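Worksheet for the structure shown next.
Values quoted throughout were computed directly from the atomic coordinates according to the rules given, and no laboratory measurement underlies them. These numbers were taken from a predicted model, which means no experiment stands behind them. Cβ sites come from the backbone with ideal geometry, for glycine too, and all protein chains shown count toward neighbours.
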Amino acid sequence: MELTLAPNPLYDQSQTLNINKVATLIGENGSGKSSILHSIFRKQIEEPSEALQLICATSGQNENFSSFFERRLASLRSRKDISDIDFSSLFFTQKDVRFLTFLAYTFKSNGLVFNFVNNHKAFKDQVSVKLRLKISVPDTYIKNVQQDQIAEAKDYEHPSIRKRPFNQRLDAFLEKIETLPDLDVLLEKGKGLKSTEVEVTNEKFFDAFDGSRVDAIKFLIEGSYNEYFFSASESLLYLTDNIEFSLLSDGEYQFLFVASLIDLFDSTASLFMFDEVDSHLHHKNVELLWDILSKTKGKVITTTHLVDSIAENDFESLFLVENGQIKNDQKSQKLLERLKVLSKSKVVELEIASKLNNICLIDYYNDWKIFELLAKQKGLDWRPLSSINPIAKSSGYNSAGDSFGASKIKWLNELRDMKEYLRVCKAEVHKKDKALHPRKITNVFLICDRDELPEANIHAQSGVKVVGVDYPDKFDLGLPCPERINCYLLTWKRREIKNYLLSHTALSHHNVLAAINNPDIALRNHLQPNNPGDNDDIRRLNAKDVIDPLINTKGVGQDIAKLQAYIDLIPPEEISEDITNMYNFIIGKL
């Protein structure tokens, strides 16, 4: 679908928006996302397209949308027109969600709302959907109908209110609800109906309109306009005998708002416009929302501030908005191309990581704890390293044919892209000519298990730095968020950090020394008292089967108390200088 967008208050030119399935507008507050939606809505109201039904919804009150829609309804009603009200464009807020949910449950069996309610673990075995609302028929309405009856008796062609579809729907509803007087009774008395509370089941409501979804929708929407006959905001929706809609979470409330609109209005002619309807959704619900939107028959335009939502979109669906203009060729879109392939959890991880000054990517979080306790046992001051934030990230290196540290380096590039994306977003608001803060220095240490890395790839002087592997050692970000990111690819000289727990004294204490000092290792390379065992046989050894039972607890994994007790047994002389080398390298870069 190609939409020609009318000028808006922030951008005085026409522009084109191409929608494949979903178009997601992103940008800072005040960038003009809502202005673009307003321009689409207003054009459809002023020049209705018979080939398009526009359904607009916002998570909060939006005076522009409300005023457009109310002026249109008032204009239609001011005409002496007995035809059905034109619903080519509709606008809803969260005050309408109970009506919408009730309608969707009633008229869309096996729909999104129906399945959500019937499968909800809190009430799936006791579902009983009922709408409770206060209905009134104003005296003025009755008098107008009576006057039209007199005029109609003289001239059958008179555009009587009684001929309007809404009057016929009201008549049908009053007739089917036993506790309410029929419209004819009210006309005979010449008085309207004072506000009366009624409770109607979904089955009864279905029957009241002979199963006509369109009639039922138009009855509730038109009847609640200006709260003339009933109020959407004062209605109650019971999902069981004692569970009212208000007991649902914000996320469930928001989901049902969107789901009900799709159940009721989705068709190949539909264009949904959702203004930040993901604002109360988190994690799995965000994924669910975007999965639903991607499967609609119609098209969708939406706005969002959530990184989770951005990650759920394809690159082609993302449109950056700045000052009311869609920027199709901006650099930020290229950055978002990276974000689109990331899972939700990774995006959140990167967003958090972008705020940290010192990061260590290490294969397992527990590896960092082993490093800390060994360094302390060797008498090193750990306090300077307490500012480092460890993040578990596999190295993805299993053999010499693999690229060493590839997974960590990939994550590093993704972090760079996230930081650049956030910088561009801030630049759109704060411009690029002034720094928001002094130049920031971020250090990222990529500590990899050595596995099968040749010794020639380990820097001889530092003993920990990897050489001969291509990776970016620094990144620079510009204004308004100046930053230097320093990157260091490091490794242990031993196969993995658990090898540094091999100690003659500690293993002897646990009576498992023979599992290491065995005929498979040259006698000269056996572990000895007061010796760290820095030799090739010990370095290459896979020691997990020996070490894990000493520091793990079944069902828990690595047990910090057991680990501490084990390391307490290791004399400092039996701890490798590799621990000191890694410590000194990191300290030197902070």
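Here are some notes:
- Nearest 10 degrees, 0 to 90: helix 165-176 Cα axis against the chain principal axis: 90
- In the chain, taking the dipole from charged Cβ atoms about the Cα centre, the farthest positive-side position among L306, F206, N144 is held by L306.
- Cα long-axis angle, helix 284-294 against the chain (0 to 90 degrees, to the nearest 10): 60
- Over 19 Å [Cα-Cα, segment 103-237], rounded percent: 55
- Dipole magnitude of the chain about its Cα centre (Cβ charges: Lys, Arg +1; Asp, Glu -1), debye to nearest 20: 1180
- Under 5 Å, built H, 5+ apart or other chain: amide partners of T240: S128
- Kirkwood-based shape ratio for the chain, expressed as Rg/Rh from alpha carbons: 1.16
- Relative contact order, percent, segment 130-238 [alpha-carbon distance under 8 Å, six or more residues apart]: 47
- Cα long-axis angle, helix 63-78 against the chain (0 to 90 degrees, to the nearest 10): 20
- Taking every DSSP helix (H) stretch of at least 4 residues in the chain, weighting each as -39,500 (n - 2.57) and dividing the sum by the residue count yields a mean residue ellipticity at 222 nm of -12000 deg cm²/dmol.
- Order of R98, R383, R42, R450 - criterion: other Cβ atoms within 10 Å of each residue's Cβ, fewest first: R383, R42, R450, R98
- Net charge contributed by nearby residues that have their C-beta within less than 14 Å of P7 (K/R +1, D/E -1): 0
- Amide H contacts of L361: I391, F445, L446, I447, each under 5 Å away and 5 or more positions distant or on a separate chain (H built 1.01 Å from N in the peptide plane; Pro and chain starts excluded).
- Ordering 505-516, 566-577 by mean Cβ neighbour count within 10 Å, with the highest value first, yields 566-577, 505-516.
- With θ taken as phi - 60° and the Karplus curve 6.51 cos²θ - 1.76 cosθ + 1.60 applied, the whole-hertz 3J(HN,Hα) list for segment 381-396 is 7, 7, 4, x, 7, 5, 7, 8, 9, x, 10, 6, 7, 4, 7, x Hz, x standing for glycine and proline.
- Neighbourhood charge, 12 Å Cβ-Cβ cut-off, centred on P529 and excluding it, Lys, Arg +1 and Asp, Glu -1: -2
- Rg over Rh for segment 358-589 works out to 1.04, both radii taken from alpha-carbon positions and Rh defined as the Kirkwood radius.
- Among the chymotrypsin sites (Phe, Trp or Tyr not before Pro) in segment 375-474, those located in a DSSP loop and surrounded by at most 14 other Cβ atoms within 10 Å of their own Cβ are W382.
- Only Cα pairs under 8 Å and 6+ residues apart enter the sum, and on that basis the relative contact order of segment 435-492 stands at 54 percent.
- Once C-alpha pairs closer than 8 Å and six or more residues apart are averaged by separation and normalised to the residue number of the chain, the relative contact order reads 14 percent.
- Taking the DSSP bridge list for segment 358-589 and keeping only pairs wholly inside it, about 30 percent are antiparallel.
- Taking a straight Cα-Cα cut-off under 26 Å and skipping sequence neighbours fewer than 8 places away in the same chain, the lysines within cross-link reach of K163 are K80, K134, K143, K154, K176, K189, K191, K194, K204, K218.
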